[in-house]
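No value in this document is a laboratory result; all are computed from the given coordinates. Computed from a prediction, not measured in an experiment: that's the story for all the values here. Cβ placement follows ideal geometry from the backbone for every residue including glycine, while neighbour counts extend to all protein chains displayed.
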Amino acid sequence: MNTAAQLYTPAPHGDRAGPVIDIEKLSLTFATNDGPVHALSNIDLKIDEGDFVSFIGPSGCGKTTLLRVIADLEQPTAGRIAVNGMSPEEARLNRAYGYVFQAAALYPWRTIAGNVALPLEIMGLDAKEREARIARNMELVNLKGFEKKFPWQLSGGMQQRASIARALAVEPKLLLMDEPFGALDEIVRDHLNDQLHQLWAKTNKTVVFVTHSIPEAVYLSTKIVVLCPRPGRIYDIIDSDLPRQRTLDIRETPEFLKVAHRVREGLKAGHSYDD
Amino acid sequence: MSGTVGPVLVVLLAIVAIWYVAAVALNAPFQRDIYARAGQTDVPFLQLVNDTLAQERPILPSPAQVAVEIWDTTVNKKITSNRSLIYHTGITLSSTLTGFVMGTLLGIGLAVLVVHSRVLDKSLMPWVISSQTIPILAIAPMIIVVLNAIGISGLIPKAMISTYLSFFPVTVGMVKGLRSPELIHLDLMRTYSASRAETFWKLRLPYAVPYLFASMKVGIAASLVGAIVGELPTGAVAGLGARLLAGSYYGQMVQIWSALVVASVVAGSLVALIGLLEKATLAKMGMNR
C-alpha cells in the first residue's frame, strides 16, 4: 500500500477533484463516398483517476475510435471531451498519456532499450535520466537482460511488453491501450493480463483498455463500457464490484461470472438487430 | 554469394562462346577478300577461323584480342601515359564519383523537400520526372559549352552530367522511402508530440535507408554513363569516353571494345561496392535478417 501512496501525485493542473477523462455528448462522423459513417454517437462517459476501464464491443462499434479521440489521434465532430481538464490536444502536447497500439510498433533499427528510449529522447531527457527510466521500466515488464536485443530477436509477447515499457517510460498517469494482446495466443495473453493487473495495482495509473475478450475485460477492469455498432454508442456501463487485488483464479468465482454474464448480455442485446 | 557464382559463370561462358562465333562470322568476308587478292584458294577452315580472330582491324575483335589489348594498355603502360587505360579510367572515375556524390545529395535534398511540402510535391516532381525524358546526348554538349563559357572546364562539367543522371533514381527512391513508415509508427510519434524534424530524423530517415541504397546502385551506374557521355563533346582528350570516340574515329574496334569492357567492369565493381556498404550499414542498424 505504501508504494501506491508514494507513486500517487496530484494532477498537474490542479483539477484533482474532476475526472481524468470527461466526455459529454460526443459524436464522430466520418464522411465517406458512400455517405456519412457514424463512428461514435452521443457518448457520455466519465473516467476517474485510478480506474481501469475497458471498452468492449464487436468490430465497428467505435471502441478504438473512442480511444483515439481521447489520444487526439481523431477529432470529434460534436460534443465535448476533456483529458485532465484540458483538451485532448493540450493533453497530448503535455504528454499526459502513454499509448499502446495493437501491434508493438517497435523500430526495427533500434534495440529494445533504444526503443524504450525513443519517447525519452523526444522529451529531451538527459542520458542519466533516460538510463534510469529504461532500467526501471524494463524491470517492470520483466524484460531485464534483453536491452541490447533487436525486436526481431524477441517473441511477439515480449515485443508487446517492450512496447508497454516504452509507454510507461513516459511516466504518464494515463495509459491508453488498444487491444494490446489481441494478436497473442491465449497462454501468453493470460500471463500478460496478470502482469498488467499487477502493474496497475502497483502504480495506481488510470488505464483505458480496448478489447474483444470478455474474460480479459472482466478480469482487468473496475469499469466495463459495452459499446454497440451502427451508430457506435455506449450500451451499458458496468461498475465491477470485484476486489481491486485479484489473481487469475478469480475467473472461476460466481461474482466474476455474474459480471461476465452481464457483459455478454449487453453485447448480445446491442448486436441483436443486426441479424 | 557462392550460390550465384556458378550460374553467373555459365552465362559468361555462353556469352564468350557466342562472341567467338559472331567474330568468325563477321570477319570472314573480309578475310576471304584477302585470300582472293593473294590468290589463295582452298584455305582450310581452321586457318580461316584463326585468321579471322587475328585481324589487325576486325569488325568484331575476338575476346582474346580484347583481353590482350586490355593487358597491354594497363599492365604494360605507365599509369601517367596517355595510352594507359588505367589513366583514362581514373579520369572517368573521378568525375563519376564527384557527380554521384553531388547527385545523391541533390536527390536526398529534393526528396526531403517533396515529402515535407505538398506545394513542392505538386510543382517539383513533374519537373524531376520530365528532366529524364530529355536525351542526355542533347544536354551534355550544352552543359559543357555553357560552363566552358563562364570559365568552368575539366572535371566539374562532366560531373554535372553524372549528377543530372544520378539524382533522379535517388529522388524517386528516397521519396518512396521517406513516405514508407507505417501509419502506426507515425501515430506513435504523434502521441509523443514529436516535431516534424524529430519524426524525420528518428523515423523517416532510418526507414528510407534500404530505399536509399537500392537507388544509389542505379544512380552510380547512371553516373558512369553520364561521365562517359560528358567526355565525348570535349574533343576526346581523356577518359574512357575519349577512348571510345578516338577508337571510332580511327576504326580501332579493339580499342573501343577494351574501353567498353573496362567500363562495364568498373560499373559492376561500383555497384558491388555500394552493395557491400549497404550490407555493412544494415548490419549495423540491426536490419540484416
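Observations on the model:
- Estimated dipole of chain B in Debye, rounded to 20 [Cβ of Lys and Arg +1, of Asp and Glu -1, Cα centre]: 880 debye
- Between the amide H of A:G98 and those of A:L174, A:L175, A:L176, distances stay under 5 Å, these residues lying 5 or more places away or on another chain, with hydrogens modeled in the peptide plane.
- For chain A, the longest principal axis of the alpha carbon atoms and the long axis of helix A:186-203 meet at an angle near 80°.
- Restriction of the trypsin sites (Lys or Arg not before Pro) in the range A:156-265 to DSSP coil positions whose beta-carbon has at most 13 other beta-carbons within 10 angstrom yields A:R244.
- Summed residue charge, Cβ within 14 Å of B:Q255's Cβ, Lys/Arg positive, Asp/Glu negative: +1
- With R₀ set to 45 Å, the beta-carbon distance separating B:A54 from B:D187 gives a calculated FRET efficiency near 0.05.
- Folded to 0 to 90 degrees: helix B:63-74 orientation relative to chain B principal axis, Cα: 70 degrees
- Loop trypsin sites (Lys or Arg not before Pro), the range B:1-103, which have at most 13 other Cβ atoms in a 10 Å radius of their Cβ (DSSP): B:K78, B:R83
- B:I156/A:A269 FRET efficiency (R0 60 Å; Cβ-Cβ; nearest 0.05): 0.20
- Estimated dipole of chain A in Debye, rounded to 20 [Cβ of Lys and Arg +1, of Asp and Glu -1, Cα centre]: 520 debye
- Two-site FRET efficiency, B:I129 against A:R251, from Cβ-Cβ distance with R₀ of 56 Å, rounded to 0.05: 0.40
- Cα-based helix-to-principal-axis angle, A:254-271 vs chain A, degrees rounded to 10: 60 degrees
- For the range A:236-250 and the range B:107-134, distance of Cα centres in Å: 57 Å
- Residues A:E139, A:E252, B:E198, sorted so that the one with the fewest Cβ neighbours within 10 Å comes first: A:E252, A:E139, B:E198
- Length available on full extension from A:H212 to A:E139: 0.36 nm per residue minus the Cα-Cα distance, which gives 23.5 nm.
- Shown for A:I214, B:I144: other C-beta atoms within 10 Å of each C-beta, ranked fewest to most, produce the order A:I214, B:I144.
- Among the lysines of chain B, pairs that are 8 or more positions apart or on different chains and have alpha carbons within less than 17 Å of each other number 5.
- Lysines whose Cα lies under 22 Å from that of A:K63, excluding same-chain neighbours fewer than 8 positions away: A:K25, A:K46, A:K173, A:K205, A:K223, A:K268
- Here the spin labels are modelled as points 7 Å beyond Cα on the Cα-Cβ line, and at A:V37 and B:A272 they lie 5.3 nm apart.
- Listed values for the range B:146-156 are Karplus-derived 3J(HN,Hα) couplings in whole Hz (6.51 cos²θ - 1.76 cosθ + 1.60, θ = phi - 60°), namely 4, 5, 5, 5, 9, x, 10, 9, x, 5, 4, and x replaces Gly and Pro.
- The length gained on full extension between B:D33 and B:T281, counted as 0.36 nm times the residue separation minus their Cα-Cα distance, comes to 83.3 nm.
- Spin-label pair B:S81/B:A149, simplified geometry with 7 Å Cα→Cβ offset, distance in nm: 4.1 nm
- Separation of the A:T29 and B:L120 label points, Cα + 7 Å toward Cβ, nm: 3.9 nm
- Farthest towards the positive end of the charge dipole of the protein assembly as shown, among the residues A:L106, B:V146, B:G275, is the Cα of B:V146, using unit charges on the Cβ of Lys, Arg, Asp and Glu.
- Rounded to whole Hz, the Karplus (6.51, -1.76, 1.60) HN-Hα couplings of the range A:142-157, x for glycine and proline: 6, 10, 4, x, 9, 4, 8, 7, 8, x, 5, 7, 10, 6, x, x
- Taking amide H as placed 1.01 Å from N in the peptide plane, A:G79 has its amide H under 5 Å from the amide H of A:S27, each at least 5 places away in sequence or on another chain.
- The range B:161-205 versus the range A:30-80: alpha-carbon centroid distance in Å: 30 Å
- The charge dipole of the range A:107-171, taken about its Cα centre with unit charges on the Cβ of Lys, Arg, Asp and Glu (plus for the first two, minus for the last two), comes to roughly 200 debye.
- In plain terms, the bigger the Kirkwood radius, the slower the diffusion; for the protein assembly as shown, with that radius from Cα pairs, at 20 °C and 1.002 mPa s, Stokes-Einstein puts D at 73 µm²/s.
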